[in-house]
2 protein chains.
Amino acid sequence: MRTHFCGLVDEALIGQTVTLCGWVNTNRVQSHVVFTDLRDHEGMVQIVVDSDMGELFKTAGDLSVESCVRVTGSVRARGAANDKIRSGKVEVLAERIEVLNKAEPLPFHAHENAGEETRLTYRYLDLRRPEMQKMMRTRIRLVQSLRRWLDERGFQDIETPILTKATPEGARDFLVPARMHPGEFYALPQSPQLFKQILMVAGFDRYYQIARCFRDEALRADRQLEFTQLDMEFAWVSERDVQDTVEGMIREVFKDTIGVELDAQFPRMTYAEAMRRYGSDKPDLRIALEFADIAELVKTCEFKVFTDWANHADGRVIALRAPGAAGWSRKQIDEAGAHAAKHGAKGLAWMKIEDASKGREGINSPIAKFFDDATLAAIVEAAGAQTGDAIFFGAADYKTASDFMGALRLKLGKDLGLVGEGWKPLWVTDFPMFEWDEEAQRYVALHHPFTAPAVDDIADLRANAKTAVSRGYDMVLNGNEIGGGSIRIHRPQMQSAVFDLLGIGAEEAEAKFGFLLDALKYGAPPHGGIAFGIDRIAALMAGTESIRDVIAFPKTTTAQCLMTGAPSPIPDAQLAEVHVMVRPKDPA
Amino acid sequence: MRTHFCGLVDEALIGQTVTLCGWVNTNRVQSHVVFTDLRDHEGMVQIVVDSDMGELFKTAGDLSVESCVRVTGSVRARGAANDKIRSGKVEVLAERIEVLNKAEPLPFHAHENAGEETRLTYRYLDLRRPEMQKMMRTRIRLVQSLRRWLDERGFQDIETPILTKATPEGARDFLVPARMHPGEFYALPQSPQLFKQILMVAGFDRYYQIARCFRDEALRADRQLEFTQLDMEFAWVSERDVQDTVEGMIREVFKDTIGVELDAQFPRMTYAEAMRRYGSDKPDLRIALEFADIAELVKTCEFKVFTDWANHADGRVIALRAPGAAGWSRKQIDEAGAHAAKHGAKGLAWMKIEDASKGREGINSPIAKFFDDATLAAIVEAAGAQTGDAIFFGAADYKTASDFMGALRLKLGKDLGLVGEGWKPLWVTDFPMFEWDEEAQRYVALHHPFTAPAVDDIADLRANAKTAVSRGYDMVLNGNEIGGGSIRIHRPQMQSAVFDLLGIGAEEAEAKFGFLLDALKYGAPPHGGIAFGIDRIAALMAGTESIRDVIAFPKTTTAQCLMTGAPSPIPDAQLAEVHVMVRPKDPA
């Protein structure tokens, strides 16, 4: 239908006749000439029709914005060149214009940013915007680049089922009633975890899949009901084999997709160190701020909150410098406090260092009175605070204090403009094997129940479950966990022991994971892997906060597709075919 | 963990020390030496341990089949070479053997073909068999090759949702209750049809996706609940653009994946011609047999079944030669009749041409008596039958006669050994736009309701709906429809008219397809596409009848995964969270 793409018409074509197809981007009459910007996938070109062209002039003048047209004409040099676009030095003098599909007046102008609800309802118009095209294409290039890298290295791309058995990875499963099995249900996979382990047992050696995964969880801004991960698994490996391989992959893919050179070697940090220095298992290293532990300094001070936690076996007292925040208003301080409270703080003490040379006199703080001069000076020194800075304090049990001060650190970084430029990758390793769940009074798996412990000995693991470290690892980039994985348990006895420690009895284990335990009995090789969040990596590469900008048809935070109207009611007769009915509303 | 793959150890490594990981394929003691075939992803190598090796000899002798081991040893030339494998000229003299995971006695021997139920239950053992590895790798290479071809040509790989709105493509949808919207449901897509059309409206120009699709239909041998298609769509194209492009792709991918050169130009045939000559819209051209239409010859004969249909406006009388079937037994003839009956025949008349030179005397047939000599001779000539052949006859309405004689043609081809070697691709075009559904007393779409008619004029289409031809096309290979597509309707008025002809009222159209009709209003470009069945193409390439051989974790014909046990009952409390309940059994 066309001889060239609009966006690729340039000086080389001057004097030639071209046929172009595209959308009317803008259309204006000026000095008896119609100027039409025609746009396609590759960009834009200017079409001109003089008033002496009779019928053609009228056709051109009447073109509505976003109509589809086919234009034949000759390419000529343009008076006022537009250096921003490839076709900016030429224009096409139209000889024929065919309206392929006239556009009605638009619900919103495709070249302006409308509200997200409108954009999602008319997603086809939203996606036509060059910004959206650009972000979507970044994602497409990312996935292409990943596949190329993996294919070249012999990773086998294998599809695993979407209709499968209810899985046990913490989140809620989506359920699908089975027509041929009344009262039974398939579940959509939260990840291909068990299938990829089975593939290693099946002898596939190295596997990958760009896999759709499903979690029926409350939607936060950066979550979708369905999401995409690069799922990988390797047989006969240790954690360093996996890490080194995928670190090389990520480095090459960043270079290939967006031209960014990441560190030649990603820094490494244990979970314990990350919590100690940054209060997060995915620290954003673009922010230079670090915690100072001051429990030793305040064990005997007069501030009860501090002394209580400083003397508690599981307590922590943290000082965090806020560079340049000495001038903050009461309102700003309160906002910081509210943010910390949202993340578990019961209060947020602070000091403003108005003049470091003046000692106590230079410090503005409601809690300064609780410390003697030496302690006060030691605290300021420990925090590294100088004139013009503030210090915020957190005291609580280790985890709570770390969590809310970690959240505060991110807020300070942002509010104070301290988030550095560039890309800061990081490996976080040596995660705890288990977390104690107070409510359930049992251990829960920090990664998932198939993660191998660092110790090989079952008795050792049982005896030291509380402090046991796993063979799990996360790849973090600019404060985002972009990948997570582990070496898996490959011996049935160890897998049974871990189920047992997690309170999964033999019967439940058999019912839920019998096939995995069976598979491990028949010569399962040592294996491990990792999964990367494609939506998040694409969003980071595209420079957008929202993963919805790199998903063609995302759902809202209320789990709806505004374009198609999903979900929707289904006639009862159709539900009867799959042996379910809508539950009558609870009378309460 | 390893220095080399087992299957890649060869003479170049003689004298070197290697460390290998793999499974014990076989293990035998012979003349005080343990011979172990160690197998990995790349193949096998022989490990030897002499009886003078003490503890190592015992370890080696005790290895159970399919155990995972790590072996370190030196490579040396082997006495009796095995030319079939790369490592056949060498063996590894073990110095160290580490049992990584001992295998229990196997439920079936991984190197024998067990029953399919056992194979699917222990799929991880089944997949270890070299035949299965080979078939799965053919599929993997096929998909790689397709992607490479498409990526190089600027097709954009875009993911579309799995949780979407109930779609209308004929088959039954899988439903997913929506937790956040009580009483509402998502549906799994039968194909990304509407999304890919929307992507063209959204300006993506050329799209592809290796897409998972779902149809809740009765499972036949070659169907799965979920299947994979290469889904493609092009903007600004005519049917020839699409066909020529994907024909080139299929040709290159066959060469690349299995080294097969397909025809430089695929033959083309209209739907009408395919039905006339072969009684099928996906004729297997490897079978040279063709129908002879003999209605003109039998209009006035004495065989009422023939004369009735020969004089009927919509009737058809077909003769089909069965080369070499004159010697068939009564039982064989009856089997042919039963096969035709299964496909709609009320009876199957036949003639055996025992001696063509003898005229009526040489013909053995219960119906010969109904024809005069001239007619009899004309029938034999029309069918092209010679001494030793049989002729089968079908008389019915056009569609029924074509269908059952088409089915018979395939059976004859197979039973008589007439299926030629090689690959016979074909384009089938000019499908009818509509089929009349007697039961529903309305038209149904032969492709789907978004397929464009060959005529552009709505009044013309309405006036000639019965004979209207669509812009649909199928790619057929060896009797399999491997791809199907069409140019789509891109104007809202035409789309509404087609909905109307299909008995989809304005209100229903708005409720189900409002977003499509809206999208067509805002400058939808002319567009079209195609979808290829990946499972089927992979099975053809791998030389297997069953698509289950090229799917890692297939379901049975009763829609179960024997390995995981899906589907399974779900606790009522969990169903309550998504606002459904299992329907009480119908008291009847």
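Taken together, the values in this text are just the output of simple stated rules run on the coordinates, not laboratory data. This one's a predicted model, so the numbers in the text were calculated from it and none came from an experiment. Here Cβ is always computed from backbone atoms with ideal geometry, including for glycine, and neighbour counts include all displayed protein chains.
Close amide H partners of B:Glu184, meaning residues 5 or more places away or on another chain with modelled amide H under 5 Å apart, are B:Ala178.
Projecting the Cα atoms of A:Asn27, A:Gly324, A:Gly7 onto the charge dipole of chain A (Cβ charges, centred on the Cα centre) puts A:Asn27 farthest toward the positive pole.
Across peptide A:150-158, the mean count of Cβ atoms from other chains lying within 10 Å of each residue's own Cβ comes to 4. Take the Cβ atoms of B:Glu252 and B:Glu481, set R0 to 22 Å, and the FRET efficiency comes out at 0.60. Distances from B:Gln30 to itself in the other copies, using label points 7 Å out along the Cα-Cβ axis, amount to 8.9 nm in increasing order. Within 10 Å of the Cβ of each residue in B:139-147, the mean number of Cβ atoms contributed by other protein chains is 4. Output the 0 to 90 degree angle, nearest 10, between the alpha-carbon long axis of helix B:373-383 and the longest principal axis computed from the alpha carbons of chain B. That works out to roughly 40 degrees. Scanning chain B for GluC sites (Glu not before Pro) that sit in a DSSP loop and have at most 11 other Cβ atoms within 10 Å, the longest stretch containing none of them is B:262-420. For A:Val317, the amide hydrogen comes within under 5 Å of the amide hydrogens of A:Ile294, A:Ala295, counting only partners 5 or more places away or on other chains and with H modelled in the peptide plane. The length gained on full extension between A:Arg153 and A:Ser546, counted as 0.36 nm times the residue separation minus their Cα-Cα distance, comes to 138.3 nm.
Rounded, prolate or oblate, given the Cα gyration tensor of segment B:287-419, with a/c below 1.5 counting as rounded? Oblate is the answer for segment B:287-419, as a/c is 1.5 or above yet b/c matches or exceeds a/b. For chain B, the longest principal axis of the alpha carbon atoms and the long axis of helix B:130-152 meet at an angle near 60°. Projecting 7 Å from Cα along the Cα-to-Cβ direction, the label point of A:Glu131 sits 5.9 nm from its equivalents in the other copies, listed shortest first. Using the Cα gyration tensor of the protein assembly as shown, with a ≥ b ≥ c the square roots of its eigenvalues, what is the shape: rounded (a/c below 1.5), prolate (a/b larger than b/c) or oblate (neither)? Because a/c hits 1.5 or more and a/b fails to exceed b/c, the protein assembly as shown counts as oblate.
B:Ala12 to B:Arg96: FRET efficiency via 1/(1 + (r/R0)^6), r the Cβ-Cβ distance, R0 30 Å, to the nearest 0.05? Result of the calculation: an efficiency of 0.85. Distances from A:Glu296 to itself in the other copies, using label points 7 Å out along the Cα-Cβ axis, amount to 10.8 nm in increasing order.
Ranking B:Met136, B:Leu285, B:Ala202 by how far each Cα lies toward the positive end of the dipole of chain B (charges on Cβ) leaves B:Met136 at the top. Between helix A:330-342 and chain A there is an angle of about 80 degrees, using the helix long axis and the longest principal axis of the Cα atoms. Across peptide B:227-240, the mean count of Cβ atoms from other chains lying within 10 Å of each residue's own Cβ comes to 2. Using the rule -39500 (n - 2.57) for each DSSP H run of four or more residues, divided by the residues of chain A, the 222 nm mean residue ellipticity is -9000 deg cm²/dmol.
Placing +1 on each Lys and Arg Cβ and -1 on each Asp and Glu Cβ, with no other charges, gives the protein assembly as shown a dipole about its Cα centre of roughly 340 debye.
Each label point was placed 7 Å from the Cα along the Cα-to-Cβ direction; for A:Glu116 and B:Asn311 their separation is 7.4 nm. Checking the a/c ratio against 1.5 first, then a/b against b/c, what shape does the Cα gyration tensor give for chain A? Because a/c hits 1.5 or more and a/b fails to exceed b/c, chain A counts as oblate. Farthest towards the positive end of the charge dipole of chain A, among the residues A:Pro525, A:Ala539, A:Val455, is the Cα of A:Ala539, using unit charges on the Cβ of Lys, Arg, Asp and Glu. Restriction of the trypsin sites (Lys or Arg not before Pro) in segment B:337-374 to DSSP coil positions whose beta-carbon has at most 12 other beta-carbons within 10 angstrom yields B:Lys346.
Once backbone amide H atoms are built at 1.01 Å from N, B:Thr26 has B:Asp37 as its partners under 5 Å, excluding neighbours fewer than 5 places away on the same chain.
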